[in-house]
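Take a look at the structure below.
The values are calculated or read from the model by the stated rules, or taken from the named source; none is laboratory data. This one's a predicted model, so the numbers in the text were calculated from it and none came from an experiment. With ideal geometry, Cβ positions are generated from the backbone for all residues, glycine too; neighbour counts draw on all protein chains shown. Quick note on the areas: whole protein, heavy atoms, side chains included, nothing else; ligands and nucleic acids left out. Shrake-Rupley method; radii C 1.70, N 1.55, O 1.52, S 1.80 Å.
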2 protein chains.
Amino acid sequence: MKLLSKSIHTTHLNCTLSEEHIKRYEHVISALHYKLEQASELTGWLHYPQQNHDALLTQIEQVSAEIRQEADVLIVVGVGGSFLGARAILDALTPYFGRQMQGIEVIYVGQNMSGAYINQLLKYIVDKRVYVNVISKSGGTMEPALAFRAMRQYMEGKYGEQEAARRIIVTTDAEKGILKGIADKAGYRQFVIPDDIGGRFSVLTPVGLLPVAAADIDIRALMAGAKQAAEELDEPSLEHNDAYKYAVMRHILYKEGYKIELLASFEPSLNKFHEWWKQLFGESEGKDKKGLYPSTVNFSTDLHSIGQFIQDGSPILFETLLHFQSIQSDFTVNNDLRDEDGLNYLAGRTFNEINALSKQGTALAHAEGGVPVIQLELPKLDAFHLGYLIYFFMKACAISAYLLDVNPFDQPGVEAYKKKMLELLDK
Amino acid sequence: MKLLSKSIHTTHLNCTLSEEHIKRYEHVISALHYKLEQASELTGWLHYPQQNHDALLTQIEQVSAEIRQEADVLIVVGVGGSFLGARAILDALTPYFGRQMQGIEVIYVGQNMSGAYINQLLKYIVDKRVYVNVISKSGGTMEPALAFRAMRQYMEGKYGEQEAARRIIVTTDAEKGILKGIADKAGYRQFVIPDDIGGRFSVLTPVGLLPVAAADIDIRALMAGAKQAAEELDEPSLEHNDAYKYAVMRHILYKEGYKIELLASFEPSLNKFHEWWKQLFGESEGKDKKGLYPSTVNFSTDLHSIGQFIQDGSPILFETLLHFQSIQSDFTVNNDLRDEDGLNYLAGRTFNEINALSKQGTALAHAEGGVPVIQLELPKLDAFHLGYLIYFFMKACAISAYLLDVNPFDQPGVEAYKKKMLELLDK
């Protein structure tokens, strides 16, 4: 079964994104496929889902069962790739309301430098049972390091050093780094971030898996979806590889002068998935003065906001519509005898059904407005298909960066503000 | 006191955004100032804060006190300009955690067509005391109309028709429209959306004020800030009008080929304010194939995501940094005798202080990377200064659209997807 092969398609008028144009990249793509396979650095994610991680998954499941048993709140300390992936999956698959009442509540800290945020967080958890998962390859990034310093003091004050040591779980390098040193000395339990997997490609390692498992999301289904993607998308031929097709489509549009790729979803729970996608593509492609600017919208909401710009504004963007055919739950339009709003003709139809039509209507309207539209459809919004989609985007992203002739796996520009900040702090 | 006059400034290298260049717009701006003053349609917001709304504010305060007394949850039904403004203020000024435990919880519905969202919402509020505020000029937009149909059935089922009628408050047109008809027939209390104020300019009318007041935010301080802005920014001279200066700066950058304006904040509670800003500028400017694409980031979080792109990627964007010198609460870095993370040199400094330095470092780093940076600084993140800032952006936006020679007050492109959707629904 190829999940996407029949459902990746384009709607476009007045645009050269033709099958023929795409085909011209066949040889280039095949060469890049082998380049990626043979790359020596930071490509550990490429076949990770196909390897046997049974022992690791069991260990994560055991720790996460313990967390659910002994905590109300799991505080995840991390920034960038250390939390965006877990948050993406958690938000997509947990209920919209009352998250803090349904088993474990996952709260993120260390991703910002807001004093109000951490101050209010520490007040919020004062009566709650807490576990901490601090996630950092080095332990040296200032925002999470300061947040962890605060959380460590809090935990030791609340539980004493010994019990705090049981309730702090570290995800870090196997051998080196500040955080590794702290964890060894204090005797914290540790999960390893593989050396050959960079932050934004790490969601399917313990980095993302532990917080996700703590919220009782099925990480084996997630990994099974990723595995299926890794197998299907291992195909060197452009024609049979949807990730490569997507990479080529967006590259052609970039070459034609489009500046922005707008990822659009129709389910609000995907907003944080969007944030993961933005880091993945923005950090991988945005270098050497190149790259599509990754932006995201959630419809219908944003049809009544940025929708006007998409339809009629500067013709600098194309859209990638992400659609899940089936969503966890639904709601049926009720009949109203008064029918004062004139909507009885929709009674009996469901919100998700109408939402799917709004997706179709949006694609048609935007295409008529001259906006190229790529569509990605998946059968169901669940752990399996999210795992598939995550791998799909990672693979497409690596090849996209190669098409731009940039290194998908470094991020030299992130250091610039850190350096300036340290200078200002007079270190 | 001019709030912004000394704190709007630019940091830019290799960029022609000079004082001299800005001055060249003096006559144009003066002419556009009078054009806006004399415009006959949809400019009611322009002097609204300077008018006496005492009776209205008192009425809103009374109803909102009643809501706080008799409800745990206020459901706001609306889309686009009917909810983005209220949500922006509410998120900026209410605590980060446990919002549902601190007085009233405000929840939005009708801004999306997710069946899961409304289904889970109705389950979430089953044991809670509920008020509904439905906000729509016409009542004809499908998403909020369907959500209101559902909420109305829910309220009548829960409370009976009579008590539901007391608990449903309508903000709509004074005379016409579907929602007005429903409200009259059912005897719902009504607040009026002024005829001469469009959705995205309506946050300082009952549209935004009632939900904000319900959460016990000081709407008089909000209006006082807006009033001060309306007075200060009524100055026709570019030199003495920061809103016009900002409009000219962004226009010059647009003319130079920049495609994206990136509004950046350093406090996560401003994320929803960003969404309001995106609608304001995107819908006002994005027409006739023109306009800057409005995008937003929250730092430090996004420095570890899209930061790489900003620093080193396609040189198509400029940044507008929004900074509040003082935030509600703060947190001090603790000393740790072990100092295993090497951060004791920061002990005694506060997160907000370090955050302000990260703002400075970011501006320097991005400017060195060739990104033009406009800075907007306000003394304090509170209702007064948010009111000021909201008006500042509305005025700057109207003049910006005039500079592009487009109508700031219409949104013809929003109809396109609606039309397609209705066709698909076989109406």
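Brief remarks follow.
- Inter-chain Cβ neighbour average for residues A:274-281, partner chain, 10 Å: 3
- Exposed GluC sites (Glu not before Pro) absent: longest stretch of chain A, with sites in DSSP loops and at most 13 other Cβ within 10 Å deemed exposed: A:257-427
- Pairwise Cα distances in the stretch A:296-427 exceed 19 Å for 69 percent of all pairs.
- Eligible aspartates and glutamates near residue A:395 by straight Cα distance, threshold 12 Å, same-chain separation 8 or greater: A:37, A:231, A:232, A:234, A:235, A:242
- Each label was represented as a point 7 Å from its Cα along the Cα-to-Cβ direction; for residue A:55 and residue A:337 these points are 6.9 nm apart.
- Considering only alpha-carbon pairs that sit under 8 angstrom and 6 or more positions apart, the relative contact order computed for the stretch B:48-217 is 32 percent.
- Between A and B, buried accessible area from a 1.4 angstrom probe totals roughly 10600 Å², ignoring ligands, DNA and RNA.
- Considering only Cα atoms, the convex hull volume of the protein assembly as shown works out to 149 Å³ per residue.
- Cα long-axis angle, helix A:383-403 against chain A (0 to 90 degrees, to the nearest 10): 80 degrees
- The stretch B:48-217 - percent of accessible surface contributed by carbon and sulfur, probe 1.4 Å: 48 percent
- Taking the helices alone, chain A has a mean residue ellipticity at 222 nm of -15000 deg cm²/dmol, built from -39,500 (n - 2.57) per DSSP H run of at least 4 residues and averaged over all its residues.
- Based on C-alpha pairs under 8 angstrom that are at least 6 apart in sequence, the stretch B:273-396 has a relative contact order of 30 percent.
- Overall Cα dimensions of the stretch B:48-217, principal axis frame, Å, largest first: 43, 36, 29
- Rg [Å, one decimal], Dmax [Å, integer] - the stretch B:272-353, C-alpha atoms: 18.6, 63
- Degrees between helix A:271-285 axis and first principal axis of chain A (Cα, 0 to 90, nearest 10): 90 degrees
- Within the stretch A:131-213, all pairs of alpha-carbon atoms sorted by distance into 5 Å bins from zero give the percentages 3, 15, 27, 26, 19, 7, 2, 0.
- Taking the stretch A:48-217 as the region of interest, the number of lysine pairs whose Cα atoms are within less than 18 Å, with members eight or more places apart or on different chains, is 6.
- Cross-link pairs exceeding 18 Å in C-alpha to C-alpha distance, out of A:259/B:420; A:227/A:278; A:259/A:287; A:418/B:359, comprise A:259/B:420; A:227/A:278.
- Take residue A:19, move 7 Å from Cα toward the beta carbon, and the resulting point lies 6.3 nm from the same point in each other copy, nearest first.
- Taking the longest Cα principal axis of chain B as reference, the axis of helix B:242-255 is set at about 70 degrees.
- GNM on chain B, alpha-carbon springs under 10 angstrom: the most fluctuating residue among B:73, B:212, B:414 is B:414.
- Relative contact order computed over chain B (Cα-Cα under 8 Å; 6+ residues apart), in percent: 24 percent
- The stretch A:126-269 shape via C-alpha gyration tensor axes, a/c threshold 1.5: prolate
- Distance cut-off 43 Å, percentage of C-alpha pairs in chain B lying past it: 15 percent
- Counting, for every residue in A:143-149, the Cβ atoms of other protein chains within 10 Å of its Cβ and taking the mean gives 6.
- Averaged over the residues of B:284-293, the number of partner chain Cβ atoms lying within 10 Å of the residue Cβ comes to 6.
- Pair residue B:220, residue B:423: separation of 7 Å Cα→Cβ label points (nm): 5.4 nm
- Accessible surface computed residue by residue for chain B, with neighbouring protein chains in place and a 1.4 Å probe, gives 34 Å² per residue.
- Within the full protein context, the accessible area of residue B:154 is estimated at about 40 Å² for a probe radius of 1.4 Å.
- Where both bridge residues fall in the protein assembly as shown, DSSP classifies roughly 10% of the beta bridges as antiparallel.
- Test item: Cα-centred dipole of the stretch B:336-418, Lys/Arg +1 and Asp/Glu -1 on Cβ, debye: 260 debye
- Cα gyration tensor, the stretch B:344-395 - rounded (a/c under 1.5), prolate or oblate: oblate
- FRET E, pair residue B:239, residue B:410, Förster distance 41 Å, beta-carbon r, rounded to 0.05: 0.85
- Residues residue B:255 and residue B:70, FRET efficiency given R0 of 45 Å [Cβ-Cβ distance, rounded to 0.05]: 0.25
- Per-residue surface analysis assigns residue A:94 an accessible area of about 30 Å², computed on protein heavy atoms at 1.4 Å probe radius.
- Which of B:221, A:141, A:361, positive extreme of dipole for the protein assembly as shown (C-beta unit charges): B:221
- Rounded Å value of the spacing that divides the Cα centres of the stretch B:279-358 and the stretch A:228-288: 26 Å
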